[in-house]
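Input: a single structure, listed below in structure tokens.
The values are calculated or read from the model by the stated rules, or taken from the named source; none is laboratory data. Predicted, not measured: the structure shown is a model, and the values here were computed from it. Glycine gets a Cβ as well: all are built from the backbone with ideal geometry, and neighbour counts include every protein chain shown. For accessibility, only protein heavy atoms count, side chains too; no ligands or nucleic acids. Shrake-Rupley method; radii C 1.70, N 1.55, O 1.52, S 1.80 Å.
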Amino acid sequence: MFGDLFEEDDSSVSHNQYGKGKKLKTKAVEPPPPREFTNLSGIRNQGGTCYLNSLLQTLHFTPEFREALFSLGPEELGSLEDKDKPDAKVRIIPLELQRLFAQLLLLDQEAASTADLTDSFGWTSNEEENSKPDVNLKDLQNEEEIDDPLMILKTILLQFLQLHSQTFLLSSDESTVRLLKNSTLQAEPDFQRNDQQIFKTLPSESPGFNGRTSCPHWFDINDSKVQPIKEKDIQQQFQGKESAYMLFYRKSQLQRPPEARGNPRYRVPRHLLSEMDAANIELQTKRAECDSTENNFELHLHLGPHYHFFNGALHPVGSQTESVWDLTFDKRKTLGDLRQSIFQLLEFWEGDMVLSVAKLLPAGLHVYQTLDGDSLTLSEIELADGEDIFVWNGVEVGGIQIPAGRDCEPLLLNVLHLATSSEGGKCQQLIEFPHVFPSNAEVGTVFTSLAIPGGVVLINNTESIGEKNWTTIPKVDLKKTFREQGLRNGSSILIRDSNHDNSLLAKQEKWITSMNEIDWLQVKNLCELESEEEQVRISATVNTVVFDIRIKAIQELKLMKELAENSCLRPIDRNGKLLCPVPDNYTLKEAGLKMGSSLGLCPGRAPTSSQLFLFFAVGSDVQPGTEMEIIVEETLSVRDCLKIMLEKSGLLGDAWHLRKMDWCYEAGEPLCDEDATLKELTICSGDTLLLIEGKLPPLGFLTVPIWWYQPQHPSGHWKSHQDRRNCTPSQGGIWRAISAQGAPGDVHAEVSLHYLGDIDISEDATLMELKSQAMTLPSFSEFVIPSPAFLRAWTVESKRPSRLLRADQQQLKEYKLGRRTEICLEPLQKEENLGPQDVLLRTQMRLPGERAYALPMNMVWDAARGWTAGSLRQRVADFYSLPVEKIEIAKYFPEKFEWLPISSWNQQITKRKKKKKQDNLQGAPYHLKDGDTIGVKNLLAEDDDDFSTVTDDIGKEKQKQLALGKRKSQEALRVQSSHVFSGAETPARPRGPEASLSIHVGSFR
């Protein structure tokens, strides 16, 4: 009769699964979450059962009622196993109530379900009276009362009141109850508002804490959620017009036997104890299986000995089942574990084993990068589910060396050419066949591959169904690669004689000619010569050659004919910047020019096909439009290019190097190999190179700036011979102190890094060797360190220690530091050996009554069992020897001057699919990593929610003032710009430089 009223808000699994012969009501889902840190269980709301949940929790937390219910055995109630027998007398409601109370006491789940109990309310077949005289249950009058669950509950409550007649007085109509006047007990109400219930657990009664030492505390039981609540908040919560509540009375003090204290198993029937123990084991097993399922993924192993290389790609020799093995593996394990597992699977394998990421392409299987770093987990090396892994020796397959990498990715192209007759001439038939070419091969190699003496090459990329646009490749561009020509899998190549017409192509329906609508380009005169017009519009199509446009523009602008030999067209972007000149032999489509674009007619010739047009600037702080320009041969070496740029810039000396500007307008990686040509380093026309001061180390070496980092500790064991906190640069400028404000507490307002010097070290050197070399720096003599093992190494980012470098025997190249990495060294009081799952955190205990913290202490947390809030809270509690329920912790974000409390196990439910997942502190919003500051608050001494300090208030106010000042300056600049351009033609809106995007990912240790 309830329809869909009782729809579980969480798990769809009935708790009948726990016990003999119990079955799932619906499809199996992931197991319910475990209890939270309160170790108390809530009750799930079925969609309107909030009052029922509150009543059940009240009865459950009344030991007299709960234990009286548990005292009823099979003689009084029967057994659920016999409920289907025709002659059995089974009291289902009390039995289900017993099971529910046992689950609330003993089952390790966040919330219990009342589905079985509410189902029993409608059971009428065998719900018969079976009271015995020693039980003193009130006899039900008729069958209608037996069918009514409210009558059954009333019967149980009346029995409880009659047993305590010296305390309670029941009215004659059994509708009201009150305390006797001579009763010495103090009535203590428990309030219940709609779907919330407030309970106070006492030291003598702690049914939900599984033997842990407990203390009196109020708990807010809101259906599934159970959380502590402060006594001062209770009155506020139950005030107002909408505060509906039920009033219950119970003894203010309980006289409980010693064996009942802290023992949730007290008086629970033996068969329920066995059922709950079995259910807990089943829950643990299912959670382990669910955790394994979430972290397992499938890999496709392609076995090298079962492959051969032909037509530019790898192909299996035999069947798919022999050449490809599917392996399910835990992505939390390391690459070394994966390699060892494959060794065990492939008993026939001999020699070295190399694992490489591969991909199935239309041409076949192609090998990309090789996996290295056996200590890294598969998640850290970003292996995806369903990844193809090629297992081989890393050199050859079947005696043939295998090209690997994206540059030589095979392309499957459709090749068309005229068939050759038996007499050696061309017959009137166009044939088409697929052929594979490396994407980094020159287009001209098509003649050699197909044994064709020569001809004209045309390419096309399908733009729409039924239409192909063919483009002739100029002879000079035959040296370009297939990728540079924009060819991809499925593109077509047509080879024909230079004197052949297009009639046959039209007959074979392989050639589709289409006339594009005539449009125009705008050409501006930038030759510093006077002309009648500043700009003209030139009619053109996408197939118009740039040379024709340039000559027509010179004629319409009525400029000197000499410019035909010494001018070029350069596109103008929306900010007015002149881009790279366009070669004369390009069509507009090849040049990527759109109709309506603006071009500048500039003096000077455009670069040839073998030349590069480059922008360059001095330093890394480059404003758009201030770069210098140069045209060089693409075969020029980096060293010679550097000399030309230094000469044109008027700079002297050889302590300079080149860096390529990246997409966010910042200095990228340096051009290390100065003997390499610009073409070999894939430098293209239009690229911007930066002249950066400082000579690069030899190839395979790193120049690493070393900083000294000494955080404040309770014991200042390591100190320099003199105080350097307020130091000034020495005569040689070797000491520099940088400070970044925002650390918590007044004594931690700054993070000080002292510059020691630079070291040149090989990428093959270990971290221990880097520490040893750093100790030889002259500035290091100020410190007394017994050995390199007493130093902790961090990378430096944003003037702060960032990534912890562990494993002293690991080579520097395995850390993937990069050429711009800086390292700071922190002194240790003893040697440490951090494991791959150990997390180093700075913990600070909040000072009671003050908005400040004690000095930080290093704490190592083993996160091998998961990066969960519960695990971290337990580690912090053990570190400070405090009960876990009596602490609160928060992570500090110094850049925002904010503290973010770290709550316990959290449940996330999506709208489309109900899914519970455990929080991972590595992800949002915490992004926990080595070196983070964790604030700790002792609730026994201070129970407010504030983690902030006075320094945080000052920092936030400064940030607010800076933001306000920046906003005002931008408004003033906008007003000034509007005055400057008033009355004149409004220019195009300037486009700011692209900003870099910071993405938080997992720890890549």
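Extending 7 Å from the Cα toward the beta-carbon at both D291 and E680 defines two label points whose distance is 5.2 nm.
Taking amide H as placed 1.01 Å from N in the peptide plane, D932 has its amide H under 5 Å from the amide H of R842, each at least 5 places away in sequence or on another chain. With every protein chain in place and a 1.4 angstrom probe, the accessible-area ranking of H60, H927, largest first, reads H927, H60. Spin-label model, K799/F701: points 7 Å from Cα along the beta carbon direction are separated by 3.1 nm. Residue ranges 272-281, 221-230 sort as 221-230, 272-281 when ordered by packing (mean number of other C-beta atoms within 10 Å per residue, highest first). Taking amide hydrogens as modeled 1.01 Å from N in the peptide plane, which residues meet the under 5 Å criterion relative to G600, leaving out close sequence neighbours? Those lying under 5 Å, H to H, from G600 are K524, R570, I572.
The packing ranking, built from the mean of other Cβ atoms within 10 Å per residue, places the peptides 646-654, 690-698 in the order 690-698, 646-654, highest first. Computed over segment 28-120, the P(r) curve from all C-alpha pair distances, binned at 10 Å from the origin, holds 15, 43, 32, 9, 0 percent per bin. Shape analysis of segment 612-681 places it in the rounded category; the axes a ≥ b ≥ c from the Cα gyration tensor give an a/c below 1.5. Extension gain, L169-E533: 0.36 nm per intervening residue step, less the Cα-Cα distance, totals 120.1 nm.
Provide the FRET efficiency to the nearest 0.05 for the E231-K958 pair, computing r from the beta carbons and using R0 = 45 Å. Computed FRET efficiency for E231 and K958 comes out at 0.70. Direction-averaged projected area, Cα convex hull, segment 566-666: 7.6 nm², rounded to one decimal. At full extension, E832 and S649 could sit 60.8 nm farther apart than now, given 0.36 nm per residue minus the alpha carbon distance. Estimated at 0.36 nm per residue, the fully extended path between Q162 and S772 surpasses their Cα-Cα distance by 211.3 nm. Using R0 = 60 Å, the C-beta based FRET efficiency linking D760 and E298 works out to 0.85. Karplus-based coupling profile of segment 519-527, in residue order and whole Hz: 10, 9, 10, 9, 10, 9, 7, 10, 8, with θ = phi - 60° in 6.51 cos²θ - 1.76 cosθ + 1.60 and x standing for Gly or Pro. For the pairs K331/K679; K648/K799; K333/K886; K799/K956; K331/K816; K359/K816, flag any whose C-alpha to C-alpha distance is greater than 28 Å. Beyond 28 Å between Cα atoms: K331/K679; K648/K799; K333/K886.
In this simple spin-label approximation, M595 and L578 carry label points 7 Å from Cα along the Cα→Cβ vector, and these lie 2.8 nm apart.
Couplings for segment 640-655, taken from phi via the Karplus curve 6.51 cos²θ - 1.76 cosθ + 1.60 with θ = phi - 60°, read 5, 5, 4, 4, 5, 5, 5, 5, 5, 7, x, 9, 10, x, 10, 8 Hz in order; Gly and Pro are left as x.
Backbone phi angles across segment 85-93, fed through the Karplus curve with coefficients 6.51, -1.76 and 1.60 (θ = phi - 60°), yield HN-Hα couplings of 7, x, 9, 7, 10, 10, 8, 5, 4 Hz in residue order; Gly and Pro are listed as x.
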